[in-house]
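A short worksheet on the structure shown next.
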């Protein structure tokens, strides 16, 4: 079994989906046939990873200082000061010091602001001190951080009233707005089959209608996988460097490319314009580098003008975000005759391999719930076997209970041992460790193993490991 097929099996096992080797192979055959032009193009990029079938690069995003949020939360802080009982001169002193700390909309206030902060706020502050730290000192000096009030919390049956300190939440928002953050990520532009299957993974903190667990358009993963133009662009934590389909996605969107035409669809989980522009520029750069042409593009988002550049293939079962106001189309300047994007494909059932029409399923309605045993490769009904979390599906013939605890495990995971009556038993790793370790209750515990104490100890049910002879 090649590594791509094995990876698809692992995804199927993770979601406890029915499938057969023929169904998986039909999807893979279509993928190989249709994605060949994209694969040949992207392989020209210096950051191409053949094992991952993706262009991979380091990506850092900068969250800029948010002036609007500074103004809003500063107003909230002043309102909180009034609620906390500040009036008259005390309120004016606090207001003047807070204004001085935030006047530059900077992480660190200009030194010229410090005399006002010291005189009006009655606090010590040094040059180079962050504005958020100064504000926290101010609020402590004027007692705002200790102010409590009653608030309704929860909803429905859990609705209740409790005393809270509202300062913490307001200060956190103001501090975040004043402190830009650099976030390191790994960016991936992929055509790997599993990156389409996991385009909305259940392990994410978010997921969309293409999630294989419960999505209403889960067949869309196979539709995108089987066309000749679609790629998945996504980001993962900076520490993830391989097997990206196994990692939670931080962001994700679909790009489609052919002959100088690049379509960008919706960005998940939030369709932020600035992030979309960043990702689009990165993919444009990848395509231009692979083509060996200048990275010059003209981008348009007016649907009536860009709509003629694509067609959704008949029988496709993906959700067409790009038809619903999320499309941005880029044309490479000077390319010549622009191509036409044929997006999607008739999804193949992972059971029989034939096209089907159920957008909320990975297989057709005629296929039985059959699954492939991870141990022996047999195709058996799902209800006649067992799924093990984080592992896979095993048929009944390949499963056996532990002689000690009764837990069902694959036969290969059990250890063969001999009990005190000479009978063969199968123990799971946990029971083997617990039952064959010296019990540490008598004076011989330090040399129990060397003396083969388990052969004679009344506390022991088992005497030796047959396969390795640890206690023989």
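The values are calculated or read from the model by the stated rules, or taken from the named source; none is laboratory data. Predicted, not measured: the structure shown is a model, and the values here were computed from it. Methodologically, a virtual Cβ is constructed for each residue, glycine included, from the backbone with ideal geometry; neighbour enumeration extends over all protein chains shown.
Per-structure values
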item: Filter pass, residue 17 being closer than 30 Å to residue 376 by Cα, touching a strand residue (DSSP E or B) at 6+ places or on another chain (Cβ under 9 Å) and assigned to a loop (DSSP other than H, G, I, E, B); result: yes
item: Selection count where residues are loosely packed, with under 14 Cβ neighbours inside 10 Å, in a strand (DSSP E or B) and modelled with pLDDT of 90 or more, scope segment 376-405; result: 1
item: Matching residues in segment 406-415 - criterion: being touching a strand residue (DSSP E or B) at 6+ places or on another chain (Cβ under 8 Å) and either in a loop (DSSP other than H, G, I, E, B) or touching a residue at least 24 places away in the same chain (Cβ under 8 Å) (or both); result: 407, 410, 411, 414, 415
item: Residue check, residue 86 at positive phi and buried (at least 17 other Cβ atoms within 10 Å of the Cβ); result: no
item: Considering residues of segment 308-323 that are under 31 Å from the mean Cα position of the chain (by Cα) and free of Cβ contacts under 8 Å to residues at least 40 places away in the same chain only, the residue farthest from residue 284 (Cα to Cα); result: 314
item: Matching residues, segment 271-306, being farther than 27 Å from residue 43 by Cα and in contact (Cβ under 8 Å) with a residue 12 or more places away in the chain; result: 271, 300, 301, 303, 306
item: The one condition in (1) in contact (Cβ under 8 Å) with a residue 40 or more places away in the chain; (2) part of a loop (DSSP other than H, G, I, E, B); (3) over 24 Å from residue 202 (Cα atoms) that residue 351 fails to fulfil; result: (3)
item: Residue match in segment 35-45 (condition: within 28 Å of residue 282 (Cα to Cα), touching a strand residue (DSSP E or B) at 6+ places or on another chain (Cβ under 6 Å) and in a strand (DSSP E or B)); result: no
item: Residue within segment 4-12 that is surrounded by 16 or more Cβ atoms within 10 Å (Cβ to Cβ), out of contact with any helix residue (DSSP H, G or I) (no Cβ under 9 Å at 6 or more places or on another chain) and either under 18 Å from residue 257 (Cα atoms) or touching a residue at least 40 places away in the same chain (Cβ under 8 Å) (or both) present; result: no
